[in-house]
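Okay, so here's the structure we're looking at.
The values are calculated or read from the model by the stated rules, or taken from the named source; none is laboratory data. Since we're looking at a predicted model, the values are computed, not measured. Cβ placement follows ideal geometry from the backbone for every residue including glycine, while neighbour counts extend to all protein chains displayed.
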Amino acid sequence: MSDKTKNKPSVSLDNLPDLITIREVSELLRVSPLTIKRWGKKGKLPAIRINSRGDRRYRKEVVMRLLGENMGIEE
């Protein structure tokens, strides 16, 4: 087991804030951060830009809806 995976805390749905980072989203959906950025550009997963650097954050409820669609759960 490498040091990265041994010390890496897993992302839990219970303790996530309302706005989550690209890294957290990518871990939840099990895709690369680049895929998350691409989905944002296509409108599949809209990002909220914060601060002067333009960091991306994603609404937890939108990510949860997308996660449900990926798992085949209908609302």
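Annotations for the structure displayed:
- In the stretch 9-33, residue modelled with the lowest pLDDT [restricted to those that are within 21 Å of Asn51 (Cβ to Cβ) and among the aliphatic types (A, V, I, L, M)]: Leu16
- Looking only at the stretch 42-68, and only at residues there that are surrounded by 11 or more Cβ atoms within 10 Å (Cβ to Cβ) and in a helix (DSSP H, G or I), the one that is nearest to the chain's Cα centre (by Cα): Val63
- Residue pairs whose Cβ atoms lie under 6 Å apart, sitting 6 or more positions apart in sequence or on different chains, and linking a residue in the stretch 36-48 that is under 12 Å from Val63 (Cβ atoms) to a partner that is in a helix (DSSP H, G or I) and among the hydroxyl-bearing types (Ser, Thr, Tyr), are Ile36/Ser26.
- Condition check for Thr21: more than 8 Å from the chain's Cα centre (by Cα), without any contact (Cβ under 8 Å) to a residue 60 or more places away in the chain and surrounded by 13 or more Cβ atoms within 10 Å (Cβ to Cβ): no
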